Amino acid sequence: RIGNYAFFACISLEKINLSENCADIGEYAFARCLSLKEFSIPNMVTQIKDSTFSGCRSLERVSINSKITLIGRQAFYGCVLLENLVLPDSITRIEEMAFYWCNSLTNIFVPNSVKYMGYGVFQNCSDLEKVLFGNGITRIEDFTFYYCRALTMVLLPEKITEIGWAAFFRCDSLEHIW
């Protein structure tokens, strides 16, 4: 187990190899590790908790295992270099502002398994261009794509019943919503 705040603000930490026997990573465990570039979530971990990688501004790659069911609040907040993120089919919840200010994300597929996404999940993702949703969610929460100025295309599930306040505010490049 990696406890809450275990490596908080270890600003020179670039890489860490955790044992596959690690079953839990606490909140803020790697937050503000400014030099961390890549991370592989061990196979026994089932949740990426609140603010686990918040402020890891050098983080480029995260390998998310196929047992993760939850991405917590602000889990990747401010990971400005994070790109090519693959969300596995095991995820059912993505909490508030999970990917806020992840400027390098360009394309994302939200799998069918995701039943809930909190507000502002992709807020201020300035390079996000395309988002494809599976059929799991029924609501786009407030601020979901707020200030995603490069967003050109969004494929929504047919069962969407509500789009929240300012969900697409200042999406200046948005051309297609299907």
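Looking at LYS159, LYS130, LYS115 in this structure, which one is within 29 Å of GLU38 (Cα to Cα), among the basic types (Lys, Arg) and in contact with a Ser or Thr (Cβ under 6 Å, 6 or more places away or on another chain)?
After applying the criteria, what remains is LYS115.
Applying the selection to the stretch 161-171, what residues are open to solvent by 50 Å² or more (accessible area, probe 1.4 Å) and either closer than 16 Å to TYR119 by Cβ or under 22 Å from the mean Cα position of the chain (by Cα) (or both)?
Passing the criteria: GLU162, ILE163, TRP165, PHE169, ARG170.
Give the residues of the stretch 5-31 that are in contact with a Phe, Trp or Tyr (Cβ under 6 Å, 6 or more places away or on another chain) and open to solvent by 50 Å² or more (accessible area, probe 1.4 Å), sorted by residue number.
Result: TYR5, PHE7, PHE8, TYR28.
If a residue has to be open to solvent by less than 70 Å² (accessible area, probe 1.4 Å), in a loop (DSSP other than H, G, I, E, B), farther than 23 Å from LEU81 by Cα and in contact (Cβ under 8 Å) with a residue 24 or more places away in the chain to count, how many in the stretch 123-159 make the cut?
The number of residues fulfilling the criteria is 7.
Collect the residues in the stretch 37-63 that are farther than 17 Å from TRP101 by Cα, assigned to a loop (DSSP other than H, G, I, E, B) and either touching a residue at least 24 places away in the same chain (Cβ under 8 Å) or open to solvent by 50 Å² or more (accessible area, probe 1.4 Å) (or both), keeping them in residue-number order. Full working, then the answer.
First, pick out the residues of the stretch 37-63 that are farther than 17 Å from TRP101 by Cα: 38-49, 63.
Checking which are assigned to a loop (DSSP other than H, G, I, E, B) leaves us with 41-46, 49.
Within the stretch 37-63, ILE41, PRO42, ASN43, MET44, THR46, LYS49 qualify.
Kindly evaluate GLU83 against the criterion of being touching an Asp or Glu at 6+ places or on another chain (Cβ under 9 Å), more than 22 Å from CYS10 (Cβ to Cβ) and in contact (Cβ under 8 Å) with a residue 12 or more places away in the chain.
Yes.
Out of all the residues in the stretch 59-67, is one or more within 22 Å of ILE163 (Cβ to Cβ), touching a strand residue (DSSP E or B) at 6+ places or on another chain (Cβ under 9 Å) and among the small types (Gly, Ala, Ser)?
No - not one qualifying residue is present in the stretch 59-67.
The values are calculated or read from the model by the stated rules, or taken from the named source; none is laboratory data. These numbers come from a predicted model, not from an experiment. We place every Cβ from the backbone using ideal geometry, glycine too, and count neighbours over all the protein chains shown. The accessibility values were calculated without ligands, DNA or RNA, using every heavy atom of the protein model including side chains. Shrake-Rupley method; radii C 1.70, N 1.55, O 1.52, S 1.80 Å.
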